[in-house]
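First the structure, in the form of structure tokens, and then the observations on it.
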Amino acid sequence: MFTGLVEATGTITKITNLGDQSRYQIAIPFASELALGDSVATNGCCLTVAELNDGSASFDLLHQTLKVTSLGSLKENSTVNLERALLPTQRLGGHFVQGHVDATGTLIDLSTHGQDHRLEISLPPQIHKYCIDKGSIAIDGISLTIAELGDSSATFWITPHTFRETHLHTLEIGTPINLEADLLAKYTEKLLANKTH
């Protein structure tokens, strides 16, 4: 379980193709604090540490992960958002994020407005139905509040701190983005569906 508060950014230093799967080696500022088997949200996707090296960790990405997330579109030297799993003693500053990507969207706009930035992401129907104005959603692992909900997209206002401390400043229009809908919305839908049967 994660909070969507990005702890640091890392850089993909090596991608090894292993047939239907791949191994990503990522330079991580807190690599020395990791252990084999630890969970690290990488652009919002929960990955397991498979190998540790000096200043980096490696993760095995299965075919399904590469297929349903944006991680398969990343290249060596790509910057990624990183967050370690939540400790029970930590404050929950964002929202509950599982690290299970529901779908991908596309970066439509990332423009500067004074000190802030306007971010607009396309939302596929299976994600849009869980979204509300001022609701939470994880965008590449970043817990964000929806400022405006359109028919097929969501707009967010990004503070200078979030823009600087995440990978957002490295993105280009058209980049695929990992999306994870609010866990509470998904549970509510399931409970209501069961109630009508």
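The values are calculated or read from the model by the stated rules, or taken from the named source; none is laboratory data. Since the model is a prediction, treat every value here as computed from it, not as a measurement. Here the Cβ positions follow ideal geometry from the backbone for every residue, glycine too, while neighbour counts run over all protein chains shown. The protein model used for the area step is the full one, side chains on, heavy atoms only, and it has no ligands, DNA or RNA in it. Shrake-Rupley method; radii C 1.70, N 1.55, O 1.52, S 1.80 Å.
Rank Asn43, Asn77, Asn17 by mean-square fluctuation in a GNM of the chain with C-alpha springs under 10 angstrom and give only the top-ranked residue. For the chain, modelled as a Gaussian network with Cα springs under 10 Å, the answer is Asn17.
So, with +1 on the Cβ of K and R and -1 on the Cβ of D and E, and no other charges, what is the size of the charge dipole of the stretch 1-141 about its Cα centre, to the nearest 20 debye?
Values: 9 positive and 15 negative charges, 41 e Å.
The calculation lands at about 200 debye.
Compared with the dominant Cα axis of the chain, that is its longest principal axis, helix 183-195 is turned about 50°. When the Kirkwood radius is taken over all Cα pairs of the stretch 32-100, what Stokes-Einstein diffusion coefficient follows at 25 °C and 0.890 mPa s, in µm²/s? Reported coefficient: 185 µm²/s. For the stretch 149-194, taking the reciprocal of the average inverse distance between every pair of different Cα atoms yields a Kirkwood hydrodynamic radius of 13.6 Å. Helical content alone sets the calculated 222 nm signal of the chain at -4000 deg cm²/dmol, taking -39,500 (n - 2.57) per DSSP H segment of four or more residues and averaging over every residue.
Looking at the chain, how many pairs of lysines come closer than 16 Å at the Cα, when each pair is eight or more places apart or spans two chains? Don't jump to the answer; show the numbers that get you there.
Details: Lys14/Lys75; Lys67/Lys75; Lys129/Lys186; Lys129/Lys190; Lys186/Lys195.
The result is 5.
For the stretch 91-134, taking the reciprocal of the average inverse distance between every pair of different Cα atoms yields a Kirkwood hydrodynamic radius of 12.9 Å. Relative contact order for the chain: 24 percent, from Cα pairs under 8 Å spaced at least 6 residues apart, divided by residue count. Element breakdown for the stretch 72-197 at a 1.4 angstrom probe: carbon and sulfur atoms account for 53% of the accessible area. Listed values for the stretch 59-73 are Karplus-derived 3J(HN,Hα) couplings in whole Hz (6.51 cos²θ - 1.76 cosθ + 1.60, θ = phi - 60°), namely 10, 8, 9, 6, 3, 4, 5, 5, 6, 9, 10, 8, 5, x, 8, and x replaces Gly and Pro. The GNM of the chain, with springs linking C-alpha atoms under 10 angstrom apart, assigns the highest mean-square fluctuation among His161, His128, His169 to His161.
Counted residue by residue at 0.36 nm each, then reduced by the alpha carbon distance between them, the extension gain from Ala147 to Asp20 reaches 41.9 nm.
Give, as a single signed number, the net charge of other residues whose beta carbon lies under 14 Å from the beta carbon of Asp151, with Lys and Arg counted +1 and Asp and Glu -1.
Details: positive: Lys129; negative: Glu120, Asp133, Glu148.
Net of charged neighbours comes to -2.
Taking 0.36 nm per residue of sequence separation and removing the Cα-Cα distance, the Gln90/Lys186 pair yields an extension gain of 32.1 nm. The listed residues Thr166, Thr175, Thr89 rank as Thr89, Thr175, Thr166 when sorted by accessible area, largest first, using a 1.4 Å probe. At what distance in angstrom do the alpha carbon centres of the stretch 59-95 and the stretch 10-49 lie from each other? Taking the Cα centre of each part, the stretch 59-95 and the stretch 10-49 sit 8 Å apart.
Between Asn77 and Asp60, the contour length at 0.36 nm per residue exceeds the alpha carbon distance by 4.4 nm.
Each 10 Å bin, from zero up to the one with the longest distance, holds this percent of the alpha carbon pairs of the stretch 118-197: 17, 49, 25, 7, 2. Spin-label model, Leu52 to Asn194: label points 7 Å out along the Cα-to-beta-carbon direction sit 3.9 nm apart. Accessible surface for the chain, divided over its residues, is 52 Å² per residue with a 1.4 Å probe. Note on the chain: Cα-only Rg and Dmax are 16.6, 55 Å.
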